[in-house]
Amino acid sequence: MRVRDLLNNNVPENTVLVIGAALSGAFSALEAARRGWRVFLIDKEDKIIPDSSSSNNECYKLHTGLHYAGNLKTALACLEDSIAYARQIPAECLAGTNDPNDPCRRGRHFVMSNSLFPPEEIKKVALILQKRYSELVAKDPKNKVFGEPEDFIKFLSESDYPYVAKEIPFTDTSTLRKEQIKVVLGIETGESQIDINKVRGYLTREINSHPNISFVPNVQVLNLSPLSDQLGYAVTVATPTGKQIWHVPAIVNCAWQNIESLSKQLGFYTPDENRVIRVKVCAQVELPPSLRSVNTCIFSIGPFASFTNLGNGQAVLASELTTNVGFYRVESGNRSFELAELMKTPLNPQTGRGAQLSDKIRRECANYLPDLAEAKISKVMLGYVKMTHVPTSYNGSSSLCQKHSPIHQRLERGVEVESGALGYIANSGNKMTYTLRNAEAACHILQHHFQLRESLKQTLSVIKPVVVEKLKKINKKYVNHLTDTLLLNVFKRAILSNSSDSSPEAVLHDVLSVIEKKERMLALIRSRCYGKKLVSLAAPDPIPAPPQTTARL
Ligand SMILES: Cc1cc2nc3c(=O)[nH]c(=O)nc-3n(C[C@H](O)[C@H](O)[C@H](O)COP(=O)(O)OP(=O)(O)OC[C@H]3O[C@@H](n4cnc5c(N)ncnc54)[C@H](O)[C@@H]3O)c2cc1C
């Protein structure tokens, strides 16, 4: 199947356009293809998991829960998703070696003396997570992806982490109070990471070799609109050879930070006043020999720091105060000039804003791991995280310091379907570990939409003769106006207005109102053309209201 077919409106009914080819999009494309559908996977960039995608600029952790120890529900969801994730990707896509003590396979969580949640509570959560992991392994030994259950949690003593500073300077940004903090609890877990380059290689091979998927790079979606004469969408895209308009029956939108702006064009977006996109910057560094075999670690819970050992002599550093460079509300889309500039210009570790930010992140992380002070910065990474349907508004870095901020949970998974959005699913990968199960959920819903569309077509063929007969009785010439497109539009309106009443009476009522509007327009045009005075624009006969019915699509 070729792109030309999209231009000529010549694609099978079960064709899906997946927008965005990073983790959410790649998994969605594979899942759709597995169900036998035809898939066009596109990205504005040049490859699967592009360099600029959030999937390529994150910390790659298969979170086993402690990161969200302040919210047990999120912690357990993280654990279960990470197990499912690690089970489904090939084992060689995990970072590090098969050695159970590899630094990439044993994430460490250091609880600070000014943690937002007390160490005793975090200890309890750690034990609940261990119990849950043991249960899951007992239920299915294939769940044993993070080592032996008895080793899943190990409480550390101070001598286990000589590389961590004993005293760490800290400034509370809300009060500007300076203090010295320290680690009060160290927990090692079976938390592992993915190796993003290996995952990209695996997904690229799978996608390129799948007969149902066509991957088209360098195509940016500019606009989406519903088709007027059939069920489906018109997609305006910018390609290397110019603008094109494609017609597609269904869309899975995996464009992450751009999902909402595209959904709004279709009217498929319900206002969510606290929805924000947070912009994050991390620094990748070359590790000094003393830190090469140090475990991936996170200092928690609050505005602290994290160190992700990539296992190849490099590490990703995040220092929450500087890493959270800004945010914008999806509702308005407004961002400061500075943030807009930061988002559009690739960051360079040697010059300008990229050099400033990465140097600051390294200095702040060196407060925790002093040997980082001289680490050479190799890359500045920019990515996005999204917060949706949260009860309180996000106020930037200060939210990190608030115990009850929604930042300390991530329960929304990211698959959203607006009522009436037949064949259109928004799929935000709210965590890297959610992207696999989200792909299944998005395609599951789409399957239902395909069935609904099929039954719509069948209903059309059954109802049309009934409507024709009824129309003939009202006014014979009205029958000439009754096309499949008109009927389909009437059905579509019924679906979009969330009323699924498709009884012949209801359809007749809507059809009549469209036809009579047309007739009145024609009368108006004729009267103007022939210079006649228009007698009446009123409908000749009142339209009978549809009786109550139980018929449903
Ligand atoms: C600093 C940081 C650390 C993180 N750490 C972790 C972690 O340790 N563990 C974890 O589980 N999660 C983590 N995350 C979250 C994780 O990165 C995201 O949840 C995940 O990468 C989202 O994947 P995605 O495919 O949905 O989005 P993306 O990877 O951003 O993909 C979106 C794709 O859509 C394309 N696109 C956008 N607009 C258009 C358009 N108009 N037309 C065509 N293509 C378009 C883009 O080019 C891109 O390739 C982290 C995030 C950040 C920023």
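The values are calculated or read from the model by the stated rules, or taken from the named source; none is laboratory data. Owing to the predicted nature of the structure, the values given are computational and were not obtained by experimental measurement. All Cβ positions, even for glycine, are placed from backbone atoms using ideal geometry, and neighbour counts span all protein chains on display.
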Filter the range 270-305 for residues that are among the charged types (D, E, K, R) and in a strand (DSSP E or B); the one that is modelled with the lowest pLDDT is ARG278
Filter the range 1-29 for residues that are aliphatic (A, V, I, L, M), part of a helix (DSSP H, G or I) and surrounded by fewer than 20 Cβ atoms within 10 Å (Cβ to Cβ); the one that is farthest from the ligand (Cβ to nearest atom) is LEU7
Do we find that ASN253 is touching a residue at least 12 places away in the same chain (Cβ under 8 Å) and within 13 Å of the ligand (Cβ to nearest atom) in this structure?
yes
Of the residues in the range 187-225, those that are farther than 27 Å from GLU58 by Cβ and out of contact with any strand residue (DSSP E or B) (no Cβ under 6 Å at 6 or more places or on another chain) come to PRO211
Those residues of the range 30-64 which are touching a strand residue (DSSP E or B) at 6+ places or on another chain (Cβ under 6 Å), within 11 Å of the ligand (Cβ to nearest atom) and within 23 Å of LEU222 (Cβ to Cβ) amount to LEU41, ILE42, LYS44, SER54
Screening VAL316, VAL281 for residues that are touching a helix residue (DSSP H, G or I) at 6+ places or on another chain (Cβ under 6 Å) and closer than 17 Å to TYR384 by Cα leaves only VAL281
Scanning the range 143-178 for residues that are small (Gly, Ala, Ser) and exposed (fewer than 14 other Cβ atoms within 10 Å of the Cβ) gives SER157, SER159, SER174
Residues of the range 116-131 being among the hydrophobic types (A, V, I, L, M, F, W, C) and within 16 Å of PHE299 (Cβ to Cβ), in sequence order, are LEU116, PHE117, ILE122, ALA126
- Can we say VAL380 is among the β-branched types (Val, Ile, Thr) and under 30 Å from SER290 (Cβ atoms)? yes
Here the residues within the range 62-106 that are buried (at least 16 other Cβ atoms within 10 Å of the Cβ), among the hydroxyl-bearing types (Ser, Thr, Tyr) and part of a loop (DSSP other than H, G, I, E, B) are THR64
In the set PRO211, PRO249, PRO240, the lone residue that is outside the structural domain of ARG132 (by TED's automatic domain parsing) and surrounded by 14 or more Cβ atoms within 10 Å (Cβ to Cβ) is PRO249
inquiry  = Taking the criterion of being in a loop (DSSP other than H, G, I, E, B), more than 27 Å from the chain's Cα centre (by Cα), surrounded by fewer than 19 Cβ atoms within 10 Å (Cβ to Cβ) and modelled with pLDDT of 95 or more, would at least one residue in the range 351-362 satisfy it?
reply    = yes
Output for Cβ contacts, cut-off 7 Å, separation at least six or different chains, first residue part of a loop (DSSP other than H, G, I, E, B) in the range 227-245, second surrounded by 15 or more Cβ atoms within 10 Å (Cβ to Cβ) and among the charged types (D, E, K, R), reads LEU231/ARG453; LEU231/LYS492
